[in-house]
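First the structure, in the form of structure tokens, and then the observations on it.
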Amino acid sequence: MNGSQMQEMCLRLVEMGKKRGACDADAVAVCDTSESISVRHGQIESVEREDGRGIGLRAFIEQKNGLAFATASTSDLSDDGLNRLVEQVMTMARISAVDPDAAPPSGADHPEHIDDIDTQADIWSREAAQEAALVCEQAALSFSEDITNSEGAEAGFGTSEIAYASADGFAGGYAKSTAGLGVSVIAGTGSGMQRDYEFDRSHSVQGLRDPKALGQKAAERACRRLGAASITSRKATVVFEPRVAISLLGHLSSAINGRSVIQQRSFLAKHSGQIIFPEWVNIADDPDHPVGLGNRPFDGEGTRTNARTIIEAGRLTGFLTDRYAAGRLGIENTGHARRGLAGDISIGPNNLIWQPGQISVEDMLAEIGDGLLVTEMMGFGVNGVTGDYSRGATGFLIEGGRITKPVQEITIAGNLSDMFASVAAAADDLTWFGTRAAPSIAIANMTIAGQ
Amino acid sequence: MPSSTKSPIESPIEQSTLARMLETMVPAGADDADLYLQHSESESISLEEGMVKHVSASTHQGIGARVIKGEVSGHAFTDRFETPALMEAARAARAIAEGANSLSPVAVHDTQQTRTLYQPKNPAEAASMPARREMLERLDGLARSIDPRVKQVFASVASSFSNIHIVRMDGAHIHDARPLVRLNISVVVEQDGRRETGSAGGGGRFGLDRMLKGEEAERLTREAVRLALLNLEAIEAPAGPMPVVLGPGWPGILLHEAIGHGLEGDFNRKGTSAFSGKIGEQVATRSVTVVDDGTMPERRGSLNVDDEGTETQRTVLIEDGVLTGYLQDRQNARLMGMEATGNGRRESYAHAVLPRMTNTFMLAGEDRPEDILASLDRGLYAVNFAGGQVDITSGKFVFTTSEAYLVENGKIKAPVKGATLIGNGPDVLTRISMIGNDLQLDPGVGTCGKEGQSVPVGVGLPTIKVDEIIVGGTQA
């Protein structure tokens, strides 16, 4: 099914809903194809091919005191499947409660024109992907004698078409492509074994990092963890490497999600317009970025997306909203509705970017003197309501401004409000991980628990 | 249930078409191959601000084709059931092998399943949508009536019903119909400007009527409110190594993270687990016995057959402190010269099979729980946990408390804020000094993630004392 057929199917589904009594409706269709290959110890381990499609309908009905709605999706795109879907949504909408603030999709601020945001010129052939995975793993395995085992390398390529239509006649769509390459290897033996990995994702195969360099980096990471041990408990500055610093962006975007704010489930619910970071911190959301994988011309309700500064000179500019949250909070709709096939509509960012600083990582460590560099974190010990934070960590001790020894079996803890206010530095090493980018970030005065 | 009363298996794709797929996809010399056909229906309704305003449903079907030769596997997943698309998938799955096809024709034939650990019925049919809505509204009222500090109530009830068809290389067609339900309650409380949250949940493989009729829903609601109010009093958690007493039930997540994953066949075949090659070694105190049991009726982690059609079983992982077994799917078992243990699982037709846990728990010991707590001079009593995670290779694992108390001289002093505990899998069980006589299983809330795939699991634990583990609070 091509993009325009998908849009037509969405329009048809919306019409079917209206015929059965919906006063407003919107539909989304997704069509994915992907292929991947994994190799281990120089041999093919697995080949995967997937194609999947689905369509979802959200229908509003008028009841005595207002509007109620329901959502359903199916992967059965036959006429029977679509009829059943509409029947199901209408039945469910009738038992759903009226929400006086319901925000049906018609009349959203739709984009006037949609450019092709990703071209799909360069499909990765299986042979080329296999070659990249083999080169990547070989580079990791031959990096050092300390590399003792491999969890394999994987290369994949996929495309995704998304279509949307609403009852006001808007129909639009866009396509995305993603190439990915990653490898994971093990250094050391027995109880001293350490694993580490490296991966990259991009719109295109050309955008991926060099397979050999990627493999070497994974091996270097695994090797430098050898001999890791716990340290004594202390308060110290913690440096988050880019690949873990992006988790801080995740905690921030959850906390400024308009729905969490309405639900009083965010520690930042009362902080709109306030300074929550040092004044040199800037964080942006960009729906049209040359590198980010979260690009989209309109959100899950057909509202046009716009670039937005989320943290401007340390100040929280506002919350992320969809039509409903904007209405409830009495603020502008920022066009951050997210809509998958299954489940309900939600709110989320497009591409989040923590703007880098001016200094190199080395200079940053030198300035810090003593502290901890975190390279991997474990667990889910973050409370979004209070901001309380406690996670397992792995990394390196920083002594006298330099990395001295590998550390494991420790936790780092604090409260996100304090941690945001205590950001001490950002380095110049901005690194992208799909839909998020961050530099190395230093946070002062965290509690490290260890032996 | 006598098998003679069962009707022929009804499959969304005709058996003759499935046979043609197998004939197309199985190359000469293949070790294994199968088709995994899934049709799932799920429904969810949720309440917030006193209103059931989110109602959703989904219907998902698809087929996964898989061919295995030695360590190599080929997979194709599609949700298009037209014959050309199915044959294309069959050809894609065989792409790992060059050369001729296996020439023998396949006759797909029903295999009667004798086990009935759960009713093969859609759990949603047991309770109407209005009845579900009414229940959530009642629980909302209950939570608010318990304490005026309750400001927000979130309640949801979800159900799914998956019809699974597994067709093996020899044509054996195995069917399993799996119900699953889940109720969640979460509240936000506020006092003097401080906001805290508490949540509780439960479920299993049974009809939704069970959730609606019994007292479990009310109990979970009271539990969520109790936890939230407790958190209003919580002080900063301590930081550093200390003895920890784990309460019974859900704290069994310790076993899941500390040793369960490390005993999955794939990591051990590849030699990447901290437990690789440790079978027969003493890895725990002598009184510790840990099992994985997929055969417990109606439990969230149970299955009649795993996702390769192997009957689930009770596998002893640690017996009297000695490591005795791995969790195996067919491919890893074959490559390691062992038996499949009924632990081959996949999130859906569009995912690869991996060795996974079912219900993992420690058998009860002889200590009285109150004696265990009384023996704690200064440490943590952790009763409830949020999620956990493990690094298989280094053996380091974490799990995060959601209800824990500071204990001094055997007496509970104060509740503490959520803190992550970190330990080392291969030696944490050697630090268990007391085991309670109060084994409990979790209420049916576990979801395990591995390689991006989520599957429902169960855990269980009696009260135990771990002599030392690092507690990740903020009070260094």
* **Other-chain or far-sequence residues with amide H under 5 Å of B:Gly446's (modelled H)** => B:Val457
* **Sequence-separation-based contact order of chain A, relative, with Cα cut under 8 Å and 6+ spacing, percent** => 15
* Asked: Is the shape of chain B best called rounded, prolate or oblate, per the rule: a/c under 1.5 gives rounded, else a/b larger than b/c gives prolate, else oblate, with a ≥ b ≥ c the square roots of the Cα gyration tensor eigenvalues?
  -> oblate
* To do: Give the total of Lys-Lys pairs in chain B with Cα-Cα distances below 26 Å; include a pair only if its members are 8 or more places apart or on different chains.
  => 19
* Asked: Other chains' Cβ within 10 Å of A:93-103 residues: what's the mean?
  -> 4
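What number, in percent, do you get for the relative contact order of segment A:228-451 if the mean sequence gap of Cα pairs under 8 Å and at least 6 apart is divided by its residue count?
On the way: 574 pairs, mean separation 68.0, N = 224.
Relative contact order, segment A:228-451: 30 percent.
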* Derived scalar couplings ³J(HN,Hα) [segment B:444-453; Karplus, 6.51 cos²θ - 1.76 cosθ + 1.60; whole Hz; x for Gly, Pro] -> x, 10, x, 10, 10, x, 8, 6, x, 10
* To do: Of the options A:Ser266, A:Ala179, A:Ala245, report the single residue whose Cα projects farthest towards the positive end of the charge dipole of segment A:142-270 (beta-carbon charges: Lys, Arg +1; Asp, Glu -1).
  => A:Ser266
* **Simple Cβ-charge dipole of the protein assembly as shown, Lys/Arg +1 and Asp/Glu -1, about Cα centre, in debye nearest 20** => 1460
* Asked: What is the dipole size for segment B:197-343, taken about its Cα centre, with +1 at each Lys and Arg Cβ and -1 at each Asp and Glu Cβ, in debye to the nearest 20?
  -> 40
* Karplus 3J(HN,Hα) series, Hz, for segment A:321-333 with 6.51 cos²θ - 1.76 cosθ + 1.60 (x for Gly, Pro) -> 9, 10, 5, 5, 5, 4, x, 5, 8, x, 10, 5, 7
* Asked: Where in segment B:284-345 are there trypsin sites (Lys or Arg not before Pro) that are in a DSSP coil and have at most 13 other Cβ atoms within 10 angstrom of their Cβ?
  -> B:Arg286
* Roughly how many whole Å is it from the C-alpha centroid of segment B:104-136 to that of segment B:6-58? -> 12
* **Extreme residue, positive dipole direction of segment A:210-347, given options A:Gly294, A:Ile310, A:Ala228 (C-beta unit charges)** => A:Ala228
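In percent, what relative contact order does chain B have, based on Cα pairs under 8 Å that are 6 or more apart in sequence?
Details: 1303 pairs, mean separation 75.0, N = 476.
Relative contact order, chain B: 16 percent.
Quick one: A:His110, B:His256, fewest Cβ neighbours within 10 Å first, how do they rank? Kindly include the intermediate steps, with their values, before the conclusion.
Details: A:His110 20, B:His256 27.
With the sparsest Cβ surroundings first, the list reads A:His110, B:His256.
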* Structure fact -> Answer in debye to the nearest 20: the dipole magnitude of segment B:3-232 about its Cα centre, from +1 Lys/Arg and -1 Asp/Glu charges placed on Cβ, is 500
* Calculate how many DSSP beta bridges within segment B:3-232 are antiparallel, expressed in % of all such bridges and rounded to the nearest 5. => 95
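Can you bin segment A:248-324 into rounded, prolate or oblate? Criterion: square roots of the alpha carbon gyration tensor eigenvalues sorted a ≥ b ≥ c, rounded for a/c under 1.5, prolate for a/b above b/c, oblate for the rest. Could you put the intermediate results ahead of the total?
Working: a/c = 2.10, a/b = 1.22, b/c = 1.72.
It comes out oblate by the Cα gyration axes.
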* To do: For a footprinting-style exposure proxy, rank B:Tyr405, A:Tyr164 by other Cβ within 10 Å, fewest first.
  => B:Tyr405, A:Tyr164
* Using a ≥ b ≥ c from the Cα gyration tensor of segment A:198-294 (square roots of the eigenvalues), is it rounded, prolate or oblate, where a/c under 1.5 gives rounded and otherwise the larger of a/b and b/c decides, a/b for prolate? -> oblate
* How many angstrom lie between the C-alpha centres of segment B:233-285 and segment A:229-278? -> 28
* Structure fact -> Residue ranges of DSSP H helices in chain A that stretch 15 Å or more (Cα, own long axis) and have mean Kyte-Doolittle hydropathy of at least -0.5 are A:3-19, A:79-95, A:126-141, A:242-255
* To do: Can you grab the distance from the C-alpha centre of segment A:350-384 to the C-alpha centre of segment A:159-222, Å, no decimals?
  => 21
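Every read-out reported here was derived from the displayed coordinates using simple, explicitly stated rules and does not represent laboratory data. Note that this is a predicted model, so its numbers are computed, not measured. Don't worry about glycine lacking a Cβ; one is built from the backbone with ideal geometry, like all the others, and counts go over all protein chains shown.
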